[in-house]
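Asks: Right, I'll just put the structure down here and ask away after.
The values are calculated or read from the model by the stated rules, or taken from the named source; none is laboratory data. What you see is a predicted model; the values in this text were computed from it and never measured. Note that each Cβ is placed from the backbone with ideal geometry, even for glycine, and that neighbours are counted across all protein chains shown. Keep in mind that these areas ignore ligands, DNA and RNA; they rest on the heavy atoms of the full protein, side chains included. Shrake-Rupley method; radii C 1.70, N 1.55, O 1.52, S 1.80 Å.
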Amino acid sequence: MKRSLLTDAVWLTISKGIVTLFTIISTMLLSRFRTLTDYGTYSELLIIINLVSTALFLGLPNSINFFLPRCEDKTEKRSFLGTYFSTSCVMGSIAGILVFSTIPLWIKYFGNPEIQKYWFFLLVIPLTKILTTGADNLFINFHRTNFLVVYRIAHSFIQLVLIFVIQFLSKSFQSYLALYVMIEGAFSLLVVFLTYREVGTFSFCIKWDLLKRVLTFSIPLGLASAVGILNVEMDKLIIGYFLTTDELAIYSNASRELPIAVLASSFTTVLIPRISKMIKDEKYKDAAVLWNRVTLFSYSVIIFFCVFLCSYSKEVLVILYSEKYIGGYIVFAIYSISLIFQSTYFGMFLNVTGNTKYIFKASLISMLANAILNIVFYYVFGFWGPALSTLGCVTLLAYYQLRLTSKIIDIRIQDIFTLKEYMYPAVILLVLAVTAFCLKRLLQGKILSFGETVVCGAIWLMIYGAFMLKRTRNLLILMREDTE
């Protein structure tokens, strides 16, 4: 069983990496092939769908992991799946109709009449989204990791191929989105078909007693997710309201999160069960020490990319999205720095001690603060003001969760995270960043080519690695001892 779980984890990680790569390439190609107006309109469509859909999905996909494993036989599984898919179709359809019927309001909000042309995208995608979102949980519960790996890779690969086909045939962006909708519809039906194949025929009907239990479980998670999505989309909503569609396109790509926090998310997945057991055994200090060491290792890796991306923000934006997006380099630099806070999950101890209400409260406060500061900072700093607001709110959220954690486990923050150890890599990288800034001034702000940027990255890595090698080796030894 352990080997099976490990194998599944490895394959899922590989598939996630491939899908992430395809997604980045797709974004790069769309940014280059389409105009700023096309890409900006596409960003607006995604913002609309994310905001409305997340609120109306009621956290339904999350209910799969709780209810499906508790079904004792195929009859109960069919009953749950019938209720799940029926409710999902209803809520997805309602979300699509709601988005479609409010198109005039969104056109007025963003000041972009082009949104009307893509009514079919807004109408259909919410339904396909809720069905495909549940695919991961369904296949994992069916112990069909092979299905999930193939499904993920095929889905993202076909989306990538579609961009090439549309560009080769010189078709319009409207044609691209029409075919995109068809592909999403096909993969949604595939989820239903594979589920049928796994458990046999089930009826699309709602069992109201079961639905009541499902919603009681899923709605709080849905609300938390909706708050999180609104917080993420807040800055783009402000930019979309005050500025043009072209400027929103630049901001959307500049604020796009690069997948450099995969290491931290992997550590978090493994760490939570261990921390939970330590807390159960009342080994609070040991748990804090383990958390500190794992976070320090993750931080030491992530901060390298954060500072490098910040220092070479113009070059990286041009490499990823073309020179059309260079105007967003300050936004990109600010978001690169904010990725440092993804070195760990700051709500970890709140989660494992059952204090999840504080996590929701913290997220809600962060969202409200972000909404206010977005507007204030926009008027003060202009285009990159909302990015500063996001960085500030992320910082405050992390600090707030750490304060609560220190009170719950009765350990000071400075004893959980030792400042001196975290400053060491930061000082090394700050020296490299200042050196890079001075060299750029000598080059009179010249934007480096792809090859020159890679060479600079290699030099940074060698210097940083030379200073950090011994510390990192010692840290890994201590982490191994903690987990034995």
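Asks: Give, in nm to one decimal, the length gained when the segment between S101 and L368 is fully stretched (0.36 nm per residue of separation minus the Cα-Cα distance).
Replies: Using 0.36 nm per residue and subtracting the Cα-Cα distance, I get 93.4 nm.
Asks: How big is D, in µm² s⁻¹, for the stretch 36-178 by Stokes-Einstein at 20 °C and 1.002 mPa s if Rh is the Kirkwood radius over C-alpha pairs?
Replies: In µm²/s, the coefficient is 126.
Asks: Report the relative contact order of the chain, percent, no decimals, based on alpha-carbon pairs under 8 angstrom and at least 6 residues apart.
Replies: Across the chain, relative contact order equals 18 percent.
Asks: Which FRET efficiency value, to the nearest 0.05, is calculated for L258 and T472 with the Förster distance at 22 angstrom and r the Cβ-Cβ distance?
Replies: Efficiency, from the Cβ-Cβ distance: 0.50.
Asks: Okay, moving on. Express the relative contact order of the stretch 282-419 as a whole percentage, based on alpha carbon pairs under 8 Å and six or more residues apart in sequence. Intermediate results must be reported in sequence, preceding the final value.
Replies: Values: 113 pairs, mean separation 36.5, N = 138.
Worked out over the stretch 282-419, it gives 26 percent.
Asks: Any chance you could run the full-extension gain for I319 through D410? It's 0.36 nm times the residue separation minus the Cα-Cα distance, nm to one decimal.
Replies: Values: separation 91, 0.36 × 91 = 32.76 nm, distance 4.76 nm.
Fully extending the segment from I319 to D410 adds 28.0 nm.
Asks: Work out from phi, with θ = phi - 60° and the Karplus expression 6.51 cos²θ - 1.76 cosθ + 1.60, the ³J(HN,Hα) of each residue of the stretch 245-254, listed in order in whole Hz, and give x for Gly and Pro.
Replies: Result, rounded to whole Hz: 5, 4, 5, 5, 4, 5, 5, 4, 6, 5.
Asks: Same structure again: Please give the solvent-accessible surface of D73 in Å², to the nearest 10, using a probe radius of 1.4 Å with every protein chain present.
Replies: Accessible area, nearest 10 Å²: 70 Å².
Asks: Using amide H atoms built 1.01 Å from N in the peptide plane, name the residues 5+ places from G111, or on other chains, whose amide H lies under 5 Å from its own.
Replies: none
Asks: HN-Hα J couplings of the stretch 120-129 from phi, Karplus 6.51/-1.76/1.60, θ = phi - 60°, integer Hz, Gly and Pro as x?
Replies: 5, 5, 5, 6, 9, 4, x, 5, 5, 5
Asks: Distance between the C-alpha centers of the stretch 303-317 and the stretch 420-442? Whole Å please.
Replies: First find each Cα centre; the distance between them is then 12 Å.
Asks: Can you tell me the FRET efficiency between L46 and E282 if r is taken as the Cβ-Cβ distance and R0 is 41 Å, rounded to the nearest 0.05?
Replies: For L46 and E282, the calculated efficiency is 0.35.
Asks: Given a Förster distance of 22 angstrom, what is the FRET efficiency for S170 paired with F120, based on the Cβ-Cβ distance and rounded to 0.05? Provide the component values of the computation, followed by the final result.
Replies: Numbers: r = 21 Å, r/R0 = 0.96.
For S170 and F120, the calculated efficiency is 0.55.
Asks: Further question on the same structure: Give me the distance in nm between label points sitting 7 Å out from Cα along the Cα-to-Cβ direction at T23 and A426, one decimal.
Replies: Distance between the two pseudo-spin positions: 2.9 nm.
Asks: Consider a paramagnetic label point 7 Å from the Cα of L442 along Cα→Cβ; state which residues of the stretch 300-332 have an amide N under 18 Å from it.
Replies: Those under the cut-off are 312.
Asks: For the stretch 153-179 and the stretch 29-61, what is the separation of their Cα centres, given in Å?
Replies: 16 Å
Asks: Counting alpha carbon pairs within less than 8 Å and at least 6 residues apart, what relative contact order, in whole percent, applies to the stretch 26-104?
Replies: For the stretch 26-104, the relative contact order is 38 percent.
Asks: Give the separation of the Cα centroids, the stretch 227-253 to the stretch 444-472, in Å.
Replies: Between the Cα centre of the stretch 227-253 and that of the stretch 444-472, the gap is 32 Å.
Asks: Can you list the HN-Hα couplings for the stretch 466-471, worked out from phi with the Karplus curve (6.51, -1.76, 1.60; θ = phi - 60°), rounded to whole Hz and with x for Gly and Pro?
Replies: 5, 6, 9, 4, 5, 4
Asks: Per residue of the chain, what 222 nm ellipticity follows from adding -39500 (n - 2.57) for every DSSP H run with n ≥ 4, rounded to the nearest 500? Could the numbers behind the result be given before it?
Replies: Details: 21 runs with 399 residues, N = 484.
For the chain, the value works out to -28000 deg cm²/dmol.
Asks: Can you send over the carbon and sulfur percentage of the accessible area for the chain, probe radius 1.4 Å, protein chains only? Before the final figure, lay out the partial values.
Replies: On the way: 16340 of 24150 Å².
Of the solvent-accessible surface of the chain, carbon and sulfur hold 68 percent.
Asks: While we're on this one: At 1.4 Å probe size, put H143, H155 in order of accessible surface, largest to smallest. All intermediate terms of the calculation are to be shown ahead of the outcome.
Replies: On the way: H143 150, H155 30 Å².
Most to least solvent-accessible, the answer reads H143, H155.
Asks: Next question. So for the pair K74, V150, with labels modelled 7 Å out along Cα→Cβ, what separation do we get in nm?
Replies: My value for the distance between the label points is 2.0 nm.
Asks: May I have the count of lysine pairs in the stretch 321-454 with C-alpha atoms under 26 Å apart, counting pairs 8 or more residues apart or located on different chains?
Replies: 5
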